[in-house]
Amino acid sequence: MKKWIITLIAFFIVFFSVPVPAAAATFISGDDAKSIAYKDAGIEESQVTQIDELAAYRSGYENFYKFVFHTSAAKYVYTINASTGEIADSISFFYQSDPRAEVNMSAFISAEEALAIAVSDSGLPAASLKKQEIKLDNDKNVYYYEVELKTIIGEKYEYEIDALTGDILDYEYKR
């Protein structure tokens, strides 16, 4: 009787511990990811003057391509989902030829407005904030506020907010 129970237990251990192969994941190619980004940016591949990087990485259960490319008018940063081909994130920094480059700084939103935009977007109550930092910065004459929020429990929110429009250009959350 003991041998029969031991055999049955061994069978279940072997049977249920054998991995079942998962369906093969399909990904778009790096070239496909570039084409998606170029189309979204409204440019042709022939207009690209430089590609700084093309990296594939994994975040959680998803795979992404991230790359930086330049034209004579702008710098673009794109993150493309490698499984779906959807744009996960994109940022454009326009050079001197962009009309925004000649904007008078008096047209910018204030640092207090940038802070209010970040706090509102984060959904944090003001009482939970331990530290707030705001800095006006620019990249190729595109001005933006770097806003950093730290909570009393150690969470960190980082924003880049367009100084002219108040649009959120980039967002990052860290625990």
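Read the figures in this text as sums done on the coordinates, not as results from a lab. Please read all numbers here as calculations on a predicted model, not as lab measurements. Positions of Cβ are backbone-derived with ideal geometry, glycine not excepted, and every protein chain shown enters the neighbour counts.
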- Message: Taking 41 Å as R0, compute the FRET efficiency from the Cβ-Cβ separation of ILE43 and ILE109 and round it to 0.05.
- Response: 0.90
- Query: Using modelled amide H (1.01 Å from N, peptide plane; none on Pro or chain starts), what sits under 5 Å from the amide H of TYR143, excluding residues fewer than 5 places away?
  - Reply: ALA163
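Could you tell me how many cubic angstrom of Cα convex hull volume the range 32-132 has per residue? Walk me through the numbers on the way to the answer.
Details: hull volume 15.5 nm³, N = 101.
Expressed per residue, the convex hull around the Cα atoms of the range 32-132 is 153 Å³.
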- Query: Using a simple spin-label model with points 7 Å from Cα along the Cα→Cβ vector, what separation in nm is obtained for LEU54 and ALA116?
  - Reply: 4.5 nm
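Rounded to the nearest 0.05, what FRET efficiency is calculated for ILE168 and ALA127 with R0 set to 25 Å and r the Cβ-Cβ distance? Show your work: numbers first, answer last.
Working: r = 23 Å, r/R0 = 0.91.
Rounded to the nearest 0.05, the efficiency is 0.65.
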- Note to self: C-alpha centroids of the range 104-126 and the range 73-92 sit apart, in Å, by 25 Å
- Note on the structure: Taking only C-alpha positions in the range 103-174, Rg and Dmax in angstrom work out to 12.1, 39
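Treat the count of other C-beta atoms within 10 Å as a stand-in for reagent exposure and order THR165, THR79 from fewest to most. Present the calculation step by step, with values, prior to reporting the outcome.
Values: THR165 13, THR79 19.
By the 10 Å Cβ count, ascending: THR165, THR79.
Most exposed first by the Cβ proxy, i.e. fewest other Cβ within 10 Å, how do PHE27, PHE93 rank?
Neighbour counts put them in this order, fewest first: PHE27, PHE93.
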